[in-house]
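So the structure is just underneath, and the comments pick up after that.
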Amino acid sequence: MNTMHEKQLNHRTIRFFKDQPVPATLNEQLMEVMNRTATSMGMQFASVVRISDPDKKQALADICKQAYVADAPELLVFIVDVRRNAKIAEAKGYEGENARSMDFFLQGFTDAALMAQNLTNAVEAADLGAVYLGSILNDQRAVIELLGLPELTMPVVGLAYGLPGRSSRIETANGCKFEVV
């Protein structure tokens, strides 16, 4: 079996990480993989915000209502970003009437989700662990304010990753796998 297939079949969510940073060269490679993610329409309607400030990490953990978020070595928020392309179009003399279309928003949402999954695959291929943070949507306005997101952007999902910490075991019930910590 292909090694990547094995990694994906053995996927599990990691919520607790060792208190050590992801090596800089590895993190650069992971960012490069993420930046090369295929997009739904080739317009790159998504962006990523990397959070390293401890106070902002804590604020995001409070929004998520998940304390472990503050301790993540790497913490990213994937956003719909129609603004960037609207600004490019505006600079080229286009009116930008499509910037507020639901089609562009949905393409951005899809692009953000694709980027998050592609990064997660790369993280796990490097023997790191990751956890998605859908809980950033507990209070979208607070996340928008915390990150200083401009108009025509919106948070989609967060991702925390690093070297897996506390050990856990996987159990199966009713055909579903879950982690016991």
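The values are calculated or read from the model by the stated rules, or taken from the named source; none is laboratory data. Just so it is clear, the model here is predicted, and its values are computed rather than measured. Here the Cβ positions follow ideal geometry from the backbone for every residue, glycine too, while neighbour counts run over all protein chains shown. In case anyone asks, the SASA skips ligands and DNA or RNA and just uses the protein heavy atoms, side chains included. Shrake-Rupley method; radii C 1.70, N 1.55, O 1.52, S 1.80 Å.
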Of the candidates L9, L30, the one satisfying the condition of being modelled with pLDDT of 95 or more and not charged (D, E, K, R) is L30
Residue pairs within 7 Å by beta carbon, gap of at least six or interchain, first lying in the stretch 124-142 and more than 15 Å from Q66 (Cβ to Cβ) and touching a residue at least 60 places away in the same chain (Cβ under 8 Å), second open to solvent by 50 Å² or more (accessible area, probe 1.4 Å) and not charged (D, E, K, R), listed first then second, are E124/H11; A125/M4
Would you check if there is a residue in the stretch 106-116 being in contact with a helix residue (DSSP H, G or I) (Cβ under 6 Å, 6 or more places away or on another chain) and either open to solvent by 30 Å² or more (accessible area, probe 1.4 Å) or aliphatic (A, V, I, L, M) (or both)? yes
Open item on the list: Against the condition in contact (Cβ under 8 Å) with a residue 40 or more places away in the chain, β-branched (V, I, T) and surrounded by fewer than 19 Cβ atoms within 10 Å (Cβ to Cβ), how does V69 come out, does it pass?
Closed with: no
Checked against (1) outside any strand (DSSP E or B); (2) within 15 Å of the chain's Cα centre (by Cα), L76 satisfies every condition except (1)
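For the stretch 10-20, how many residues are under 16 Å from V69 (Cα atoms) and open to solvent by less than 100 Å² (accessible area, probe 1.4 Å)? Step through it out loud before you land on a result.
Taking the stretch 10-20 and keeping what is under 16 Å from V69 (Cα atoms), we get 13-20.
Right, trim to open to solvent by less than 100 Å² (accessible area, probe 1.4 Å) and you get 13-17, 20.
The number of residues fulfilling the criteria is 6.
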Any residue at all in the stretch 55-65 that's open to solvent by less than 30 Å² (accessible area, probe 1.4 Å) and more than 24 Å from T13 (Cα to Cα)? no
